[in-house]
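Enquirer: Pasting a structure below so you can have a look.
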Amino acid sequence: MLDKNLANEILTIATSKGASFAEIFVEHNDKANISLVNGKVNTALSGIDFGLGLRVFYNGKTIYAYTNDLQRESLLNLANEVAKATKGDQKLTILDFDKKDYYEKGLHKAKILPTSIKKSNIVDMLKLASDTAFKYDSLVTETITSYTHSVQDVLIINTKGTFATDKRVRTRIGIDVVASNETEKQTGGVRPGALMGYEFYDTLNIEDLAREASRSAVTMLKAKPCPSGKMPVVIDNGFGGVIFHEACGHGLEAIKIARGDSVFAGKLGEKVASDKVTAIDDGTIPNKWGSINIDDEGTPAEKTVLIENGILKSYLVDNFYGEKIGQKSTGSCRRESYKYAPVPRMRNTFIANGNDKAEDIIKNTKNGIYAKYMGGGSVNPATGDFNFAVQEAYLIENGKITSPVRGATLIGKGEDVLKDIDMVSDTLSHAEGICGASSGSVPTCVGQPMIRVSKMTVGGRS
């Protein structure tokens with residue numbers, strides 16, 4: 001993708017006027033997106049993104065530029081433009097490059113490249129999902145089934161001697177269902193994905209997934225309005241972890257810590273959560289959607305314990321912001337593509353298994369809300385204030401899950417929720433999502449076992 005001699009020239013020019021560090025990121029990404037509406041093809045797009053990003057550190061700041069013209073003259077001009085943004089004549093010694101192929105020695109192999117699969121086979125799979133969803137119930141009135149894949153080859157070269165290559169193969173399917181009657185509409189959906197090849201679909205039962213999406217939509221269509229007030233809330237496993245991701249995880253990213261935009265700044269070693277809570281961000285889980293072999297600075301992924309038995313242990317750190325807060329990189333620096341400068345981001349972030357049993361959590365909750373599937377929401381990372389919709393919810397009455405309710409929202413502060421978690425089960429599972437931030441949208445997993453928050457504000461209809 002770029003030879004060592006040209007890379008050396010680019011880095012030499014980029015650091016010729018005082019920059020303390022320079023890094024090249026090259027990307028070739030073969031992508032596809034196919035979607036069907038009611039079983040008929042709506043979009044079928046494919047293409048290749050190819051380009052180079054150049055980043056330098058200078059005087060406590062980053063300077064970033066990118067191009068999709070990889071001709072030698074263009075790249076040297078780019079390096080000159082970046083150098084002009086710095087002032088000085090101190091020359092930087094570029095260390096000898098240590099070339100490593102992290103895909104070959106990594107954990108996350110792809111057996112079948114999705115680029116080798118006929119689009120007609122993918123369309124047939126999406127039609128099967130749509131047909132199955134419609135057959136579930138006559139109240140199902142619309143389906144949107146979608147497929148994406150990405151085969152991303154990257155090369156990362158920097159002045160500290162890194163010369164790292166990696167291949168990231170991801171694929172994902174989405175099944176979204178609308179159920180409606182004369183006056184209401186409700187939705188249900190599932191969106192599994194993985195850092196693996198097309199063999200991922202051999203691990204899924206497409207018809208079961210479609211039926212589950214339909215079941216959720218139809219159940220919520222028949223549900224009564226959710227009551228409001230402060231009450232215990234049981235949040236189920238999997239995508240329930242989105243609350244930790246949004247309300248707490250972003251506040252643990254070093255970019256927020258360095259800028260003082262987080263309630264967790266300066267609290268390493270302090271108690272920030274219930275003793276029941278251990279939270280982890282792990283980029284090394286084999287073939288997980290949010291996993292990586294290396295981050296976008298070329299640092300190998302690791303398992304990072306963020307909170308252990310309620311004590312704050314670590315932040316999510318990259319090289320640039322790590323220097324500012326005096327922390328070593330945790331292999332968490334990520335970006336959507338070469339068009340974005342990387343920043344520390346989450347990978348697979350989850351609350352770890354506890355010792356409680358899911359059935360005991362329900363039995364020990366006299367009255368409250370059971371949030372089976374979470375929806376979208378908003379959060380202020382500086383304060384931790386959040387507001388999340390619940391996609392599928394039920395009443396808990398006398399220790400039993402009873403009537404479905406719709407329109408439920410969960411309102412609170414991340415640090416309060418962490419302290420009010422009083423039961424954690426042993427049913428950990430993960431769910432796939434896309435996280436957006438200043439370095440673009442990146443694949444992440446959220447996760448948790450079933451948990452109970454002893455008191456939480458529930459918005460609904462009184």
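The values are calculated or read from the model by the stated rules, or taken from the named source; none is laboratory data. Since this is a predicted model, take the numbers as computed values, not measurements. Glycine also receives a Cβ, built like all others from the backbone with ideal geometry; neighbour counts cover every protein chain displayed.
Enquirer: Among (1) part of a loop (DSSP other than H, G, I, E, B); (2) buried (at least 20 other Cβ atoms within 10 Å of the Cβ); (3) of a type in the set (Gly, Ala, Ser), there is one condition GLY266 misses while meeting the rest; what is its number?
Expert: (2)
Enquirer: Moving on. Looking at (1) surrounded by fewer than 19 Cβ atoms within 10 Å (Cβ to Cβ); (2) modelled with pLDDT under 95, which is the one condition that is false for GLU207?
Expert: So the condition that GLU207 fails would be (2).
Enquirer: Filter the stretch 142-153 for residues that are within 19 Å of ASN205 (Cβ to Cβ) and within 24 Å of the chain's Cα centre (by Cα); which is surrounded by the fewest Cβ atoms within 10 Å (Cβ to Cβ)?
Expert: Step by step, filter the stretch 142-153, then rank; the result is SER146.
Enquirer: List, please: which pairs have Cβ atoms under 6 Å, are six or more places apart or on different chains, and start with a residue in the stretch 20-46 that is in contact (Cβ under 8 Å) with a residue 12 or more places away in the chain and on the phi < 0 side of the Ramachandran plot and end with one that is buried (at least 18 other Cβ atoms within 10 Å of the Cβ) and among the charged types (D, E, K, R)?
Expert: GLU23/ARG55
Enquirer: Only one residue in ALA65, ALA110 is in contact with a Lys or Arg (Cβ under 9 Å, 6 or more places away or on another chain), at pLDDT 95 or above and in a loop (DSSP other than H, G, I, E, B). Which one?
Expert: ALA110
Enquirer: If you go through the stretch 412-427 one residue at a time, do you hit one that is of a type in the set (A, V, I, L, M, F, W, C), within 30 Å of LYS185 (Cα to Cα) and buried (at least 16 other Cβ atoms within 10 Å of the Cβ)? Break it down stepwise before answering.
Expert: So the first thing to find is which residues in the stretch 412-427 are of a type in the set (A, V, I, L, M, F, W, C), and the list is 417-418, 421, 423-424.
When the remaining residues are screened for being within 30 Å of LYS185 (Cα to Cα), the result is none.
Scanning the stretch 412-427, I find no residue that is of a type in the set (A, V, I, L, M, F, W, C), within 30 Å of LYS185 (Cα to Cα) and buried (at least 16 other Cβ atoms within 10 Å of the Cβ), so the answer is no.
Enquirer: Can you tell me which residue within the stretch 113-143, out of those that are of a type in the set (Ser, Thr, Tyr) and outside any helix (DSSP H, G or I), is farthest from GLY161 (Cα to Cα)?
Expert: My answer is SER138.
Enquirer: Oh, and also: Out of the stretch 197-229, which residues are assigned to a loop (DSSP other than H, G, I, E, B) and in contact with a Phe, Trp or Tyr (Cβ under 6 Å, 6 or more places away or on another chain)?
Expert: Within the stretch 197-229, no residue meets the criteria.
Enquirer: Does at least one position in the stretch 324-339 carry a residue that is in contact with a helix residue (DSSP H, G or I) (Cβ under 9 Å, 6 or more places away or on another chain) and without any contact (Cβ under 8 Å) to a residue 24 or more places away in the chain?
Expert: Yes, some residue in the stretch 324-339 is in contact with a helix residue (DSSP H, G or I) (Cβ under 9 Å, 6 or more places away or on another chain) and without any contact (Cβ under 8 Å) to a residue 24 or more places away in the chain.
Enquirer: Quick check on ASP49: is it in a strand (DSSP E or B), within 24 Å of the chain's Cα centre (by Cα) and surrounded by fewer than 17 Cβ atoms within 10 Å (Cβ to Cβ)? Spell out the reasoning first.
Expert: Working: in a strand (DSSP E or B): yes; within 24 Å of the chain's Cα centre (by Cα): yes; surrounded by fewer than 17 Cβ atoms within 10 Å (Cβ to Cβ): yes.
In short, yes.
Enquirer: Check LYS119, LYS100, LYS87 and return the single one that is surrounded by fewer than 14 Cβ atoms within 10 Å (Cβ to Cβ), touching a residue at least 60 places away in the same chain (Cβ under 8 Å), more than 29 Å from GLU212 (Cα to Cα) and assigned by TED's automatic domain parsing to the domain that holds PHE57.
Expert: Unique residue meeting the criteria: LYS87.
Enquirer: While we're looking at this one, here's another question. Return only the number of the condition from (1) touching a Phe, Trp or Tyr at 6+ places or on another chain (Cβ under 7 Å); (2) part of a loop (DSSP other than H, G, I, E, B); (3) among the β-branched types (Val, Ile, Thr) that THR171 does not satisfy.
Expert: Of everything listed in (1) touching a Phe, Trp or Tyr at 6+ places or on another chain (Cβ under 7 Å); (2) part of a loop (DSSP other than H, G, I, E, B); (3) among the β-branched types (Val, Ile, Thr), THR171 misses just condition (2).
Enquirer: Right, another one. Please verify whether ASP176 is part of a strand (DSSP E or B), in contact with a Phe, Trp or Tyr (Cβ under 8 Å, 6 or more places away or on another chain), at pLDDT 95 or above and among the acidic types (Asp, Glu), treating the condition exactly as stated.
Expert: Answer is no for this residue.
Enquirer: Kindly establish whether ILE362 is assigned by TED's automatic domain parsing to the domain that holds ALA273, outside any loop (DSSP other than H, G, I, E, B), surrounded by fewer than 22 Cβ atoms within 10 Å (Cβ to Cβ) and out of contact with any Leu (no Cβ under 7 Å at 6 or more places or on another chain).
Expert: Details: assigned by TED's automatic domain parsing to the domain that holds ALA273: yes; outside any loop (DSSP other than H, G, I, E, B): yes; surrounded by fewer than 22 Cβ atoms within 10 Å (Cβ to Cβ): yes; out of contact with any Leu (no Cβ under 7 Å at 6 or more places or on another chain): yes.
Answer is yes for this residue.
Enquirer: Same structure, new question: Just name the residue that is farthest from GLY354 (Cα to Cα) out of those in the stretch 302-329 that are surrounded by fewer than 24 Cβ atoms within 10 Å (Cβ to Cβ) and touching a Lys or Arg at 6+ places or on another chain (Cβ under 7 Å).
Expert: The extreme case among them is GLY322.
Enquirer: Does SER332 satisfy the condition of being at pLDDT 95 or above, touching a strand residue (DSSP E or B) at 6+ places or on another chain (Cβ under 7 Å), buried (at least 24 other Cβ atoms within 10 Å of the Cβ) and among the small types (Gly, Ala, Ser)? Full working, then the answer.
Expert: Working: at pLDDT 95 or above: yes; touching a strand residue (DSSP E or B) at 6+ places or on another chain (Cβ under 7 Å): yes; buried (at least 24 other Cβ atoms within 10 Å of the Cβ): yes; among the small types (Gly, Ala, Ser): yes.
Yes; evaluated as a whole, the condition is true for this residue.
Enquirer: Among the residues of the stretch 124-141, are any among the β-branched types (Val, Ile, Thr), crowded, with 17+ Cβ neighbours inside 10 Å and at pLDDT 95 or above?
Expert: Checked against the condition, which is being among the β-branched types (Val, Ile, Thr), crowded, with 17+ Cβ neighbours inside 10 Å and at pLDDT 95 or above, the stretch 124-141 yields at least one hit.
Enquirer: Have a look at ASP282, ASP296 and point out the one that is closer than 23 Å to VAL154 by Cα and surrounded by fewer than 24 Cβ atoms within 10 Å (Cβ to Cβ).
Expert: Details: ASP296 fails: surrounded by fewer than 24 Cβ atoms within 10 Å (Cβ to Cβ).
Selected residue: ASP282, the only one of ASP282, ASP296 that is closer than 23 Å to VAL154 by Cα and surrounded by fewer than 24 Cβ atoms within 10 Å (Cβ to Cβ).
Enquirer: Taking the options TYR338, TYR321, name whichever one is of a type in the set (Phe, Trp, Tyr) and not in a loop (DSSP other than H, G, I, E, B).
Expert: TYR321
Enquirer: Check whether at least one residue in the stretch 78-86 is under 30 Å from THR115 (Cβ atoms), at pLDDT 95 or above and part of a helix (DSSP H, G or I), and report yes or no. Before the answer, list the steps.
Expert: We begin by selecting, within the stretch 78-86, every residue under 30 Å from THR115 (Cβ atoms); these are 78.
Within this subset, residues satisfying the condition of being at pLDDT 95 or above are 78.
Remaining after also requiring part of a helix (DSSP H, G or I): 78.
Looking for residues that are under 30 Å from THR115 (Cβ atoms), at pLDDT 95 or above and part of a helix (DSSP H, G or I), one finds at least one in the stretch 78-86, hence yes.
Matching residues to (1) at pLDDT 95 or above; (2) outside the structural domain of THR365 (by TED's automatic domain parsing); (3) not small (Gly, Ala, Ser):
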{"site": "VAL390", "(1), (2), (3)": "yes, no, yes"}
{"site": "TYR394", "(1), (2), (3)": "yes, no, yes"}
{"site": "LYS400", "(1), (2), (3)": "yes, no, yes"}
{"site": "GLY414", "(1), (2), (3)": "no, no, no"}
{"site": "ASP426", "(1), (2), (3)": "yes, no, yes"}
{"site": "GLY440", "(1), (2), (3)": "yes, no, no"}
{"site": "MET450", "(1), (2), (3)": "yes, no, yes"}
{"site": "LYS455", "(1), (2), (3)": "yes, no, yes"}
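Enquirer: Test of understanding: among SER214, SER180, which residue is more than 28 Å from the chain's Cα centre (by Cα) and either among the small types (Gly, Ala, Ser) or more than 28 Å from THR457 (Cβ to Cβ) (or both)?
Expert: After applying the criteria, what remains is SER180.
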